[in-house]
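Presented below is the structure to which this report refers.
The values are calculated or read from the model by the stated rules, or taken from the named source; none is laboratory data. Computed from a predicted structure; not experimentally measured. Please note: Cβ atoms are built from the backbone with ideal geometry, for glycine as well, and neighbour counts cover all protein chains shown.
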Amino acid sequence: MLGVIFSLSSVFSCRGVRPLGARGFKRPGLNPEGRNQKEEVDEAVRLLFSELRRILEWEFVKRGKLVLPVPAHNSSSECFLCGGINKGLTLKDRVFHCPFCGFSLDRDLNASLVLLKRAGWVTPIVPAVELRPIPPLPSLGLRRQGGAIIQEASGFRRG
């Protein structure tokens, strides 16, 4: 783990830090002593993430690099371009689509850009091309994809 932290601190010049929760790691039930197992797992994950964050911050500061606290609230549902919140977004949606400005992008990439923006990063340019997933061919009205080549192109002769 320390090798990964060393690599991160040598490659990046700035690190945004956001609070990490343990919501995805919860386990219901009781352990043999009668204590709530969910609380124990939550505490263990919280300690693990806080230790990882502490070591990362220490390594970045030791190298004279910047560590910025970044609020993570609504980072997955906020639009990178206009700042609008898509309240209808679920965890199953892998593509973020803004109902306000029409911007579409991969959900994780959009969230990372939102966090960069919150850390003070200014976008050099906005993409001129609207980033949308490519629709499958049946939605375009095509029945089959591809096909065999009937005839090869003729040879090219000089002279």
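The table that follows gives values for the structure above.
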item	result
Within the stretch 89-101, considering residues that are within 17 Å of the chain's Cα centre (by Cα) and assigned to a loop (DSSP other than H, G, I, E, B), the one modelled with the highest pLDDT	CYS98
Qualifying positions in the stretch 59-74 - of a type in the set (A, V, I, L, M, F, W, C) and part of a loop (DSSP other than H, G, I, E, B)	VAL70, ALA72
Residues of the stretch 51-81 that turn out to be of a type in the set (Phe, Trp, Tyr), more than 19 Å from PHE100 (Cα to Cα) and either surrounded by fewer than 15 Cβ atoms within 10 Å (Cβ to Cβ) or under 19 Å from the mean Cα position of the chain (by Cα) (or both), as a count	1
Criterion violated by ASN86 - all others in (1) in the same structural domain as CYS101 (by TED's automatic domain parsing); (2) over 21 Å from the mean Cα position of the chain (by Cα) satisfied	(2)
